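Take a look at the structure below.
The values are calculated or read from the model by the stated rules, or taken from the named source; none is laboratory data. In this text, all values refer to a predicted model and were calculated from it rather than measured experimentally. For neighbour counting, all protein chains shown are included, and Cβ atoms are generated from backbone atoms with ideal geometry for every residue, glycine included.
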Amino acid sequence: MFDKVLIANRGEIALRVLRACRELGIQTVAVHSTADADAMHVRLADESVCIGPPPARDSYLNIPAIVAACEITGAEAVHPGYGFLSENARFADILTEHGIKFIGPSAEHIRIMGDKITAKLTAQELGIPVVPGSEGGVNDIDEAKRVARDIGYPVIIKATAGGGGRGMKVARSEADLEIAMSTAQSEAKAAFGNGDVYIEKYLEKPRHIEIQVLGDGKGRAVHLGERDCSLQRRHQKIWEEAHSPALNAHQRDEIGSRVARAMEKLGYEGVGTIEFLYENGEFYFIEMNTRLQVEHPVTEAITGLDLVQEQLRVASGADLAYTQSDISFSGHAIECRINAENPTTFAPSPGRVDAVHFPGGLGVRVDSALYAGYRIPPYYDSLIGKLIVSGKSRTECMMRLKRALSEFVVEGIETTIPLFQQLLAEPDIIDGHYDIHWLEHYLARQA
Ligand code: ADP
């Protein structure tokens, strides 16, 4: 096992990784921007290094500064968390060149999955079902029309370099197609510096269901079940649960083992998530994330595994400690992403946190880097904490969530806690009857 790991991230995920390291007896190095000098991850780490000014491109995305921080402190490995450099193949390559272990898959696998067209083709070759669509990239409008006629309207134009729900446009008929194409291309070019797009059948009422995998990079992999992340605003998840209210054990085993076999064929190392849309009993691959996900705690709650410790183990060269039959699922878990935002307008609400009180008790976990007196900087994303509840059944989780939200206090800023309280009163949420459009429709009705 490593002696010292550098955590190239901030906020709740930096703390999450730090906790896993500490339980394994690993020394931790925090890095931070000048805006984060007082952050909790800096306070709790064994050592810390300032890597630049507030903007992320000058600090948390500053590869030379992070490599220098490893060299100064003697860190042998880097945990990238999620976001920032976690899916940056060049960063993985540079670390390798410096003899530092990137805690994650190979740069090659990050590259394959980071380009959605290549990812889709690879998934298909590995036996994973994909959304019907173009064979690869689509360059001109005539080709787009041919493809769209073939698969049938509505279609969605997506950026191959896409992420964070950007660069996606729906076309309901041929009349919409030209504008959708050019908007998606220019949005993609502006956001990712790559205007390549591809076309998919637009699914009208799917759920977003994703499979968690863990591989040792030596040809062994297991799946850790699914998460349902259908409650989304602007294609961003806000609530995740395991298991999905829509799947039975047989369906889970079937898609899970198909994905685990595919990851074995690929020789995948570390944790990863294969995302699907699920409609009328069928799964359609949309993308793979080659990192730890924000919503990993719901999987931890139903499997009893610490996913970050598993990442550290396989990164240090250990074999997988489990076969599929060693993995068992128990109970249910739900996560709410709590943001520093106005709960109706979603306008960011940075500033000083005057007081905080986290809920507790059986089956309640809060992953957060907040403390009283902390100033939330305006430079980074607005996630300030994750509330995860677990219990024997979904019904128990819903009651526990209601109870935990009522105990949760954050004073001085606005948070999205009231939104979750409202959602818990909605019959569709209580019954688990929601698809990826449910929340947008609900918010439109409230407005
Ligand atoms: P990103 O990498 O930007 O998050 P994804 O490909 O993961 O993009 O898609 C994000 C979300 O966009 C999905 O969870 C779903 O809500 C919606 N979406 C993507 N592809 C389709 C599709 N073919 N049909 C309907 N909705 C889609």
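Details
- Scope segment 261-290; condition out of contact with any strand residue (DSSP E or B) (no Cβ under 6 Å at 6 or more places or on another chain), within 16 Å of the ligand (Cβ to nearest atom) and touching a residue at least 60 places away in the same chain (Cβ under 8 Å); matching residues: Glu279, Glu282
- Gly215 meets the conditions (1) surrounded by 21 or more Cβ atoms within 10 Å (Cβ to Cβ); (2) modelled with pLDDT under 95; (3) more than 16 Å from the ligand (Cβ to nearest atom) in every case but one. The failed one is (2).
- Which listed residue is within 13 Å of Ile117 (Cβ to Cβ), away from the ligand (no atom under 15 Å from the Cβ), in contact (Cβ under 8 Å) with a residue 12 or more places away in the chain and outside the structural domain of Met288 (by TED's automatic domain parsing), from Gly162, Gly136, Gly193: Gly136
- Of all the residues in segment 1-40, those that are surrounded by fewer than 23 Cβ atoms within 10 Å (Cβ to Cβ), in contact with a Pro (Cβ under 7 Å, 6 or more places away or on another chain) and within 10 Å of His79 (Cβ to Cβ) number 0.
- The condition (being more than 25 Å from Ala372 (Cα to Cα) and aliphatic (A, V, I, L, M)) is satisfied by just one residue among Leu18, Leu85: Leu85.
- Of residues in segment 226-244 being within 13 Å of the ligand (Cβ to nearest atom) and of a type in the set (A, V, I, L, M), the one nearest to the chain's Cα centre (by Cα): Ile238
- Among the criteria (1) in a loop (DSSP other than H, G, I, E, B); (2) within 12 Å of the chain's Cα centre (by Cα); (3) under 23 Å from Leu320 (Cβ atoms), the one Val294 does not fulfil is (3).
- Of all the residues in segment 229-239, those that are out of contact with any Leu (no Cβ under 8 Å at 6 or more places or on another chain) and either surrounded by 15 or more Cβ atoms within 10 Å (Cβ to Cβ) or of a type outside the set (D, E, K, R) (or both) number 4.
- Pair list, Cβ < 6 Å and 6+ apart or interchain, from segment 397-423 residues that are surrounded by 14 or more Cβ atoms within 10 Å (Cβ to Cβ) to residues that are acidic (Asp, Glu) and outside any helix (DSSP H, G or I): Gly412/Asp354; Thr416/Glu341
- Pick from segment 165-183, criterion within 24 Å of Tyr278 (Cβ to Cβ) and among the hydrophobic types (A, V, I, L, M, F, W, C), ranking: farthest from the ligand (Cβ to nearest atom): Ala171
- Residue under evaluation His223, criteria (1) without any contact (Cβ under 8 Å) to a residue 24 or more places away in the chain; (2) away from the ligand (no atom under 15 Å from the Cβ), criterion not met: (1)
- Screening Gly351, Gly317, Gly363 for residues that are over 20 Å from Met263 (Cβ atoms), more than 16 Å from the ligand (Cβ to nearest atom) and surrounded by fewer than 16 Cβ atoms within 10 Å (Cβ to Cβ) leaves exactly one candidate, Gly351.
- Consider segment 81-99 and keep the residues that are of a type outside the set (S, T, N, Q) and in contact (Cβ under 8 Å) with a residue 60 or more places away in the chain. The one that is surrounded by the fewest Cβ atoms within 10 Å (Cβ to Cβ) is Tyr82.
- When segment 297-309 is filtered for residues that are under 13 Å from Arg365 (Cβ atoms), over 14 Å from the mean Cα position of the chain (by Cα) and among the hydrophobic types (A, V, I, L, M, F, W, C), the ones remaining, listed by number, are Ala301, Ile302.
- Elements of type helices (runs of 4 or more DSSP H) contained in segment 27-143, each with 1 or more residues being among the small types (Gly, Ala, Ser): 63-73, 89-97, 107-114, 116-125
- All conditions in (1) crowded, with 17+ Cβ neighbours inside 10 Å; (2) away from the ligand (no atom under 12 Å from the Cβ) hold for Pro206, with the sole exception of (2).
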